[in-house]
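Please read the structure below before turning to the comments.
The values are calculated or read from the model by the stated rules, or taken from the named source; none is laboratory data. Predicted model only: the values in this text are computed from it and were never measured. Here the Cβ positions follow ideal geometry from the backbone for every residue, glycine too, while neighbour counts run over all protein chains shown.
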Amino acid sequence: MARQLAMVIDATKCIDCKACVAACKVANKVPEDQWRNWIKHENEVPRVGAAGGGKARFQPGACMHCDNPTCVAACPTGATYKDAENGEVVINEGLCIGCGNCIPACPYGARFRNAEKRKADKCNYCPERRAHGLEPACVDTCPTKARVFGDINDPQSEAGRLYLANKDRLKRVAALTDTKPNMYYLGDLGPEAWGGEAVVPASMVAMKQSAPLIKGIVALSGLGVLAMLGRQLLAGSDHKEDGDA
Amino acid sequence: MPKLMHKRHDASDIFIHWFNAACWLLLLLTGVGLIQNPAIDPFGSGYPAALRSLVGGGTNLLVIHEAIGVLWILGFVFYLAVNFKGARFFLAEVFTVSPGRDLPWMFKKMVLMTLGPKALKTMGQDPNLPEQGYYNMGQKAFAQASIVGGVIIAVTGVVMLLSDRTFGAESTVMIGWAVALHFIAVGVVFAGLLVHIYMAAISPEERPGFRSMFTGVVPDDYAKHHHRLWWDKVRTGGK
Ligand code: HEM
């Protein structure tokens, strides 16, 4: 089975300390006012002893490296793609020109246009750290070990073990667009409405809709040329070209 | 006896035509390789993948495409600096259409080239074509498409080039439309290009016109038959 890097997050362990957010920002030199990951929580602060248990509900998150990545479908050049080797959704910064199509196409708001690089940006599971055998910065730093990272198709990995042992009760953020995210939650991750809708920009829709039309007129033109060529070969020229004698 | 010839293109006209054609060829080849999305890529993902690995990755392909694009625009700037008068003459000829003469010409020519003169006679039409000027309506239509398309392609290309160099996140709606318009304009001009190349290089009727894109001149009788109104002007010296 192909590898699928993913995070299995125990939402009940999250204490909203935001250490993961800070560690990510430092590790990836994310510009001011921009973040690759988050901890979402309900507006009302839970009160201890209140009716309903007053249980805090936090959703640590980031790019979910989906199986049905709507961001990839919105990219015209393949600058963002799903890696067939490890299931990661990758951004090729050399090919990305920062057109911005992928940003509203993510229903979780995981993408942004990096203000310094002027290109799409998001969680990439810290490839530089992984190359040195380290965990992604957010996972490494989490004091309660709420975030577990690894190949969920590998039963030997911690993420795989957690994933396989809890398969039926794992939850995912329920976005209006089903992107099949690879971020799994144990425990209550809070309101379902935390996932939004994938919006493909009108310009990309126009491009997709015009593509078959353009193929059509090119085909028509090609047929015209074939008809002329056929006539030239079968019937010959109708009038002797005087200037060509 | 040397044939009587008429000057049709300046050296700078010939330069810009072939320079443009060479750029177009390379920009098309590299540009199609930059599209990789099953909903839009013209020949599937095999071609972009192959081309990218040939040049050492998508990043290199983008750089190559951008460099040729900038060179293409500079070529036109150079042409305009050298032969602005020629460009003005060209634009005036290309965008002057007299529907009464040109539309029947277009229709009849299309029937003649594909079905032949008998088809026109069957339709009760005179197979003789209305007289044409410096350019015939087919040439004008293609030139109009390639000028309007070319301007759109150049402007949207510059917008995309600057996207990750100067523009901020607030410009992404404009950049997104630049991508879409670039794609659509190239598609439309390319459709016309197929016919242009056939008429200019393959069809025997226009052989002297083809040669003129190297020599700059056309024989008197060719001008008389194909561009009668222009021939009249040249004859009377009232060009
Ligand atoms: C192998 C490719 C090509 C060949 C053999 C070719 C040949 C020619 C010739 C012979 C003419 C002169 C027609 C005349 O003055 O009577 C011409 C004109 C012209 N060419 Fe090309 N051409 C080629 C590619 C292109 C490309 C790629 C473009 C632009 C996208 C282009 C744009 C034009 C325009 C705008 C004119 C003037 C108007 C017209 O004749 O339609 N050509 N071409």
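Being more than 14 Å from chain B (Cβ to nearest Cβ) and touching a helix residue (DSSP H, G or I) at 6+ places or on another chain (Cβ under 9 Å) narrows it down to one residue among A:Asp151, A:Asp168, A:Asp178; which is it? Can you show your working first?
On the way: A:Asp168 fails: touching a helix residue (DSSP H, G or I) at 6+ places or on another chain (Cβ under 9 Å); A:Asp178 fails: touching a helix residue (DSSP H, G or I) at 6+ places or on another chain (Cβ under 9 Å).
Unique residue meeting the criteria: A:Asp151.
Just to check your reading of the model, which residue among B:Ser203, B:Ser171, B:Ser212, B:Ser146 is small (Gly, Ala, Ser) and facing chain A (nearest Cβ under 7 Å)? Even if it seems obvious, please write down each step before you answer.
Working: B:Ser171 fails: facing chain A (nearest Cβ under 7 Å); B:Ser212 fails: facing chain A (nearest Cβ under 7 Å); B:Ser146 fails: facing chain A (nearest Cβ under 7 Å).
Only one candidate qualifies: B:Ser203.
With A:Ala73, A:Ala79 as the choices, which residue is farther than 16 Å from A:Lys180 by Cβ, assigned by TED's automatic domain parsing to the domain that holds A:Lys180 and touching a helix residue (DSSP H, G or I) at 6+ places or on another chain (Cβ under 9 Å)? Explain how you work it out, then say what you get.
Working: A:Ala73 fails: farther than 16 Å from A:Lys180 by Cβ.
Of the residues listed, the single one that is farther than 16 Å from A:Lys180 by Cβ, assigned by TED's automatic domain parsing to the domain that holds A:Lys180 and touching a helix residue (DSSP H, G or I) at 6+ places or on another chain (Cβ under 9 Å) is A:Ala79.
Within the stretch B:26-110, considering only helices (runs of 4 or more DSSP H) that don't extend past its boundaries, which have at least 1 residues that are at the interface with another protein chain (Cβ under 10 Å from one of its Cβ atoms)?
So the answer is B:46-54, B:58-82.
Scan the stretch B:184-221 for residues that are part of a helix (DSSP H, G or I) and touching a strand residue (DSSP E or B) at 6+ places or on another chain (Cβ under 7 Å) and jot them down. So that I can check it myself, show each step before the final result.
If we filter the stretch B:184-221 for residues that are part of a helix (DSSP H, G or I), which is where we start, we get B:184-202, B:204-215, B:220-221.
Across the stretch B:184-221, the qualifying residues are B:Pro208, B:Gly209, B:Ser212, B:Asp220.
With respect to the numbered conditions (1) in contact with a Ser or Thr (Cβ under 8 Å, 6 or more places away or on another chain); (2) away from chain B (no Cβ under 12 Å); (3) closer than 30 Å to B:Val158 by Cβ, which one is the sole condition not fulfilled by A:Asp67?
Every listed condition holds for A:Asp67 apart from (3).
If you go through the stretch A:91-102, how many residues are touching a residue at least 24 places away in the same chain (Cβ under 8 Å) and facing chain B (nearest Cβ under 7 Å)?
Residues in the stretch A:91-102 being touching a residue at least 24 places away in the same chain (Cβ under 8 Å) and facing chain B (nearest Cβ under 7 Å): 2 in total.
In this structure, does B:Gly138 turn out to be at pLDDT 95 or above and touching a helix residue (DSSP H, G or I) at 6+ places or on another chain (Cβ under 8 Å)?
It is true that B:Gly138 is at pLDDT 95 or above and touching a helix residue (DSSP H, G or I) at 6+ places or on another chain (Cβ under 8 Å).
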